[in-house]
Number of protein chains: 2
Amino acid sequence: MTHTVPFVLEAWSRQRLQTVERCLDDWVSANLDTGAAPGAPADLVAAMRYAVLDGGKRLRPLLVLAAFEAVSGHRAQPSTAALRAACSVELIHAYSLVHDDMPCMDNDVLRRGKPTVHVQFGQASALLAGDALQAMAFELLTPSDGSVAPDVQARLCALLSRAAGSTGMAGGQAIDLASVGGALTEGALRHMHQLKTGALLRCSVLMGAACGGASALVIEALAQYGNAIGLAFQVVDDVLDVTADSATLGKTAGKDADRAKPTYVSLMGLARSRAYAAELLGQAHAALALAGLADTSPLGALADMVVHRSH
Amino acid sequence: MTHTVPFVLEAWSRQRLQTVERCLDDWVSANLDTGAAPGAPADLVAAMRYAVLDGGKRLRPLLVLAAFEAVSGHRAQPSTAALRAACSVELIHAYSLVHDDMPCMDNDVLRRGKPTVHVQFGQASALLAGDALQAMAFELLTPSDGSVAPDVQARLCALLSRAAGSTGMAGGQAIDLASVGGALTEGALRHMHQLKTGALLRCSVLMGAACGGASALVIEALAQYGNAIGLAFQVVDDVLDVTADSATLGKTAGKDADRAKPTYVSLMGLARSRAYAAELLGQAHAALALAGLADTSPLGALADMVVHRSH
């Protein structure tokens, strides 16, 4: 594809993120107990809002919307289904960070430059806020107002639950947990990351594609794209853990090395890790070319961003 | 309704529970990493199995199946949708117990007469197993094999996510947490329990009704039935906490009183609590009569069991 106007990811993202942030803000508070209509308790909603709002790169929502636009040909207003999908996957990501930061897991006190949820609200509230955020992801995907077709609702719930569960994110975290202090082969490390981070990134792309009504061939190509950027994301994360400082990362740098966690850098060294990330980026672009879609600029630019980011 | 053969809940339940136990056993292990096909890590699946299998009254699955039978007129094999719904609601219940028992919550070491999940597997594994069980509930509801119609999948996910989340179970637990050591009015106590326990019991009934294709009027009557038994369940729980011993309960008795948690017994005394449970049972039966269904014996008998149980 050639464009007369070059694609600028920042401008594209800024527009979409305004909508995503507003929807997250609205939807996370939509159930709040108002006194008039009994609903979610204010303390719990406060912890959920703290976990979700005002922070994060929102990579997953952007992937959902980019895939939706690539498949549907829309460029402007995302459909309600795509917006709900975008926010639901971010809720899953946010809940996983809340639980992951808890003392019995990574015991982290700093996240996105702020105290973590359990530091701010206590462990019990953090546990419950995470649990409620996971449920809310599926609430978002199943509106009763007719704005999302039932078969799309079902498909989105199928994709998200599998990416979040024992064969996805939670499964990957369990492997990660068991691997601390031990040695992993490159294959085992890849498997762990495919589940832990890759599944949800890939799912974001596939949810966007499902909202746009993609064909099986396109879905297959976009799944390959999702696999490549999912893995690249983690390789780059490992590189940044040793090359960036905590202020840039917004979280504690060097913590993986401190804990003798297996990483790509510890396994293949810095130079080879960087080369691997570049190779995966090439695979992502090749998959996009294979999809045969009219305009995949946002997806392509997001892949570049995943590999070239500084935090 | 008169029957020539009197309805025996125990025989009815035994048959259904065989199927439910077998399905839970199969489905919780279905994702297991076999080496050939990469899947869920064995450690995580072991903790999930421990949390779910071989224990519990399975009240929620039985409510799903009883409501399905009442609405559909079927009496024999439950539909795939009803079975999946029955198991999914039990997974949500099981995950909530795992998280609820953790040191940062109730810090319980005994559950169903066995060490709790975090005692057996460690806190991090308990946290992840609970998270993965919640996701798996939605996996169960969204099979890709055509066995459950997409609109039914969407409806079941909508019901379950709302019953589990911030306006349901997790919300109720947050209110419970905030209420320890404090005073609640009867209205506030009822609101807490409607969310904490009531929402999932009511949801079980409504999921069964959705699988059977109930009319709006029937759904309304069954929702009333669900509300009544949901509340009755908690009132009886509070009564048993002071009248039964730990061996009968399979969990630590007297713990609510020890922690100065507000309960129905502390609020209205033992005699009035028992009378209230009986009143709620009457409401449940009245709602069933209102539903105008041919045979509600299982639902009626389950309501009796909720109120007259000894553990």
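Summary of values
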{"read-out": "Enumeration of residues in the range A:163-195 that are assigned to a helix (DSSP H, G or I) and either of a type in the set (Phe, Trp, Tyr) or more than 11 Å from chain B (Cβ to nearest Cβ) (or both)", "value": "A:GLU186, A:LEU189, A:HIS193"}
{"read-out": "Qualifying residue in the range A:55-74 (condition: within 18 Å of the chain's Cα centre (by Cα) and within 12 Å of another protein chain (Cβ to nearest Cβ))", "value": "no"}
{"read-out": "Complete set of residues in the range B:108-124 that are surrounded by 24 or more Cβ atoms within 10 Å (Cβ to Cβ) and in a helix (DSSP H, G or I)", "value": "B:VAL117, B:HIS118"}
{"read-out": "Matching residues, the range A:26-56, being within 30 Å of A:ALA301 (Cβ to Cβ) and modelled with pLDDT under 90", "value": "A:ASP54, A:GLY55, A:GLY56"}
{"read-out": "Tally of residues being modelled with pLDDT of 95 or more and among the β-branched types (Val, Ile, Thr) across the range A:170-213", "value": "1"}
{"read-out": "Single condition A:GLU90 does not satisfy, out of (1) within 8 Å of another protein chain (Cβ to nearest Cβ); (2) surrounded by 22 or more Cβ atoms within 10 Å (Cβ to Cβ); (3) touching a Pro at 6+ places or on another chain (Cβ under 7 Å)", "value": "(1)"}
{"read-out": "Residues (outside any loop (DSSP other than H, G, I, E, B) and among the acidic types (Asp, Glu)) located in the range B:130-150", "value": "B:ASP131, B:GLU139"}
{"read-out": "Qualifying residue in the range A:32-49 (condition: under 27 Å from A:ALA223 (Cα atoms), surrounded by fewer than 18 Cβ atoms within 10 Å (Cβ to Cβ) and out of contact with any helix residue (DSSP H, G or I) (no Cβ under 6 Å at 6 or more places or on another chain))", "value": "no"}
{"read-out": "Test result for A:ASP33, within 14 Å of another protein chain (Cβ to nearest Cβ) and out of contact with any Cys (no Cβ under 6 Å at 6 or more places or on another chain)", "value": "yes"}
{"read-out": "Exclusive hit being at the interface with chain A (Cβ under 9 Å from one of its Cβ atoms) and over 15 Å from the mean Cα position of the chain (by Cα), set B:GLN120, B:GLN153, B:GLN134", "value": "B:GLN153"}
{"read-out": "Boolean, A:LEU141 is over 20 Å from the mean Cα position of the chain (by Cα) and either β-branched (Val, Ile, Thr) or within 8 Å of chain B (Cβ to nearest Cβ) (or both)", "value": "no"}
{"read-out": "Given (1) of a type in the set (A, V, I, L, M); (2) more than 7 Å from chain B (Cβ to nearest Cβ); (3) surrounded by fewer than 21 Cβ atoms within 10 Å (Cβ to Cβ), index of the condition A:MET105 fails", "value": "(2)"}
{"read-out": "Those residues of the range A:243-269 which are modelled with pLDDT of 70 or more and closer than 18 Å to A:VAL306 by Cβ, in sequence order", "value": "A:THR243, A:ALA244, A:THR263, A:TYR264, A:VAL265"}
{"read-out": "Which listed residue, of B:LEU159, B:LEU97, B:LEU127, is free of Cβ contacts under 8 Å to residues at least 60 places away in the same chain, farther than 23 Å from B:ALA46 by Cα and outside any loop (DSSP other than H, G, I, E, B)", "value": "B:LEU159"}
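Here is a yes/no grid of residues against (1) of a type in the set (A, V, I, L, M); (2) surrounded by fewer than 23 Cβ atoms within 10 Å (Cβ to Cβ):
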site: B:ALA164; (1), (2): yes, no
site: B:MET169; (1), (2): yes, no
site: B:GLY172; (1), (2): no, no
site: B:GLU186; (1), (2): no, yes
site: B:LEU195; (1), (2): yes, no
site: B:LEU201; (1), (2): yes, no
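The values are calculated or read from the model by the stated rules, or taken from the named source; none is laboratory data. The structure displayed is predicted, hence computed values, not measured ones. Virtual Cβ from ideal backbone geometry, glycine too; neighbours counted across all protein chains shown.
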